[in-house]
Each structure stands twice: as C-alpha cells, then as structure tokens.
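To start, the structure itself, in structure tokens.
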Amino acid sequence: ISEDGRAMSAEVIKRVPADCTMFDKEAIRIARESKYSAGQQAGRKVRVYMTIPVRFTLHEG
C-alpha cells in the first residue's frame, strides 16, 4: 500500500481449494481498486505490505 493509500500491486497467495483459479482476477481487481489507510511510522506516511483475506460464496438460484 502506497503512502497515498492505493494498492501498488496485488497477487493471490493462497487458494482454497488450491486448484480453484476462477476468482483470481476478481480478487485482484477488488484489492487494486480499493482505497486503504497508509501505514505510519514516526508520524509519517509510509508504504506497507498487507495480506487481505477475500472470500467468495456461491449461492444456488
């Protein structure tokens, strides 16, 4: 996350089940388009690395 609260990059690091890649693009899109609060160190905004869990639920219907 950059100093202005934007995602600089995004990647899928774990899938459940491991071979299910059908939601990867959407998870990355959501992570990249979201706005975050920048990290702070000694009162200054700094870049940070974070892991964001994303869960998809399918409903019959």
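Every number in this text was worked out from the coordinates using simple rules, so none of it is lab data. Note that the structure is predicted; figures quoted are calculated from it, not measured. Here the Cβ positions follow ideal geometry from the backbone for every residue, glycine too, while neighbour counts run over all protein chains shown.
Numbers below:
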{"quantity": "For the chain, radius of gyration divided by Kirkwood radius, i.e. Rg to Rh on alpha-carbons", "calculated": "1.09"}
{"quantity": "Packing-based order for 21-27, 49-55, using average beta carbon neighbours within 10 Å, highest first", "calculated": "21-27, 49-55"}
{"quantity": "Fully extended contour minus Cα-Cα distance, from residue 8 to residue 57, at 0.36 nm per residue", "calculated": "15.0 nm"}
{"quantity": "Region 1-55: relative contact order as a whole-number percent, Cα under 8 Å and 6+ apart", "calculated": "47 percent"}
{"quantity": "Structure-based [θ]222 nm, the chain - -39500 (n - 2.57) summed over DSSP H runs of at least 4, per residue, nearest 500", "calculated": "-5000 deg cm²/dmol"}
{"quantity": "Between 0 and 90°, nearest 10: helix 24-33 axis offset from the chain longest Cα axis", "calculated": "30 degrees"}
